[in-house]
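*Asks:* Here it is, the structure, as structure tokens.
The values are calculated or read from the model by the stated rules, or taken from the named source; none is laboratory data. Treat the numbers as computed from the prediction; the structure is a model and nothing was measured. Neighbour counts are summed over all protein chains in view; Cβ atoms, including those assigned to glycine, are modelled from backbone coordinates with ideal geometry.
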């Protein structure tokens with residue numbers, strides 16, 4: 001029997017809304033709210049949701065984000081490797097490998113100019129290590145410089161070792177005796 005007065009205040013209608021059944025779903029036709037994958041020469045390039053190609057700065061930000069996600073997954077995988085059961089370990093492993101795969105797919109889908117921008121930033125991030133060339137007054141722009149073995153100084157070789165080397169250069173006598181003889185000589189035995 002139906003209530004003729006309608007619902008009381010504070011009480012809603014108990015009927016659920018039904019989603020319309022989409023008969024064309026899965027048949028290859030893109031729907032109005034679904035975006036078709038772009039075709040053509042730039043179809044593999046990373047894009048925004050609107051379909052435009054990412055700018056160089058956006059590529060760098062997205063790459064950093066994917067790399068950070070991968071580093072987090074790697075840390076979790078190795079931190080928990082011997083601490084969790086098999087099911088959790090498989091999940092961690094799946095996430096770890098999925099993150100590196102996602103990063104590789106992103107790199108593979110970059111256009112040439114995007115890849116160049118990423119490589120430029122990667123190499124510019126780390127400055128050149130000019131410590132050796134500065135200490136030895138070498139020009140890093142000169143390229144490969146031939147250095148003989150005599151020119152290479154051992155930073156751990158002390159002055160006292162050099163003096164002892166010169167002092168005992170003429171000593172050709174071999175040491176004889178056992179460890180016990182040494183202890184007797186030192187007065188320790």
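*Asks:* Quick one: how many residues across the range 111-131 are modelled with pLDDT under 80 and outside any loop (DSSP other than H, G, I, E, B)?
*Replies:* Number satisfying all stated conditions: 4.
*Asks:* Going through the range 149-171 one residue at a time, which ones are modelled with pLDDT under 80 and more than 29 Å from residue 136 (Cα to Cα)?
*Replies:* The answer is none; no residue qualifies.
*Asks:* Restricting to the range 118-156, name every residue that is touching a helix residue (DSSP H, G or I) at 6+ places or on another chain (Cβ under 8 Å) and surrounded by fewer than 10 Cβ atoms within 10 Å (Cβ to Cβ).
*Replies:* 128, 139
*Asks:* Let me ask something else. Of 106, 97, which residue is within 30 Å of residue 54 (Cα to Cα), surrounded by 10 or more Cβ atoms within 10 Å (Cβ to Cβ) and either in contact (Cβ under 8 Å) with a residue 24 or more places away in the chain or over 33 Å from the mean Cα position of the chain (by Cα) (or both)?
*Replies:* Unique residue meeting the criteria: 106.
*Asks:* If we scan the range 38-61, do we find a residue that is more than 30 Å from residue 139 (Cα to Cα) and modelled with pLDDT of 90 or more?
*Replies:* yes
*Asks:* Give the residues of the range 157-179 that are part of a helix (DSSP H, G or I) and either surrounded by 10 or more Cβ atoms within 10 Å (Cβ to Cβ) or on the phi > 0 side of the Ramachandran plot (or both), sorted by residue number.
*Replies:* Selection gives 161, 162, 163, 164, 165.
*Asks:* Kindly list, by first and then second residue, each pair from a residue in the range 124-149 that is touching a residue at least 12 places away in the same chain (Cβ under 8 Å) to a residue that is surrounded by 10 or more Cβ atoms within 10 Å (Cβ to Cβ) and part of a loop (DSSP other than H, G, I, E, B), limited to pairs with Cβ atoms under 9 Å and residues at least 6 apart or on different chains.
*Replies:* 140/130
*Asks:* Assuming residue 112 fulfils every condition listed in (1) touching a strand residue (DSSP E or B) at 6+ places or on another chain (Cβ under 9 Å); (2) exposed (fewer than 10 other Cβ atoms within 10 Å of the Cβ) apart from one, which condition is it?
*Replies:* Condition (1) is where residue 112 drops out.
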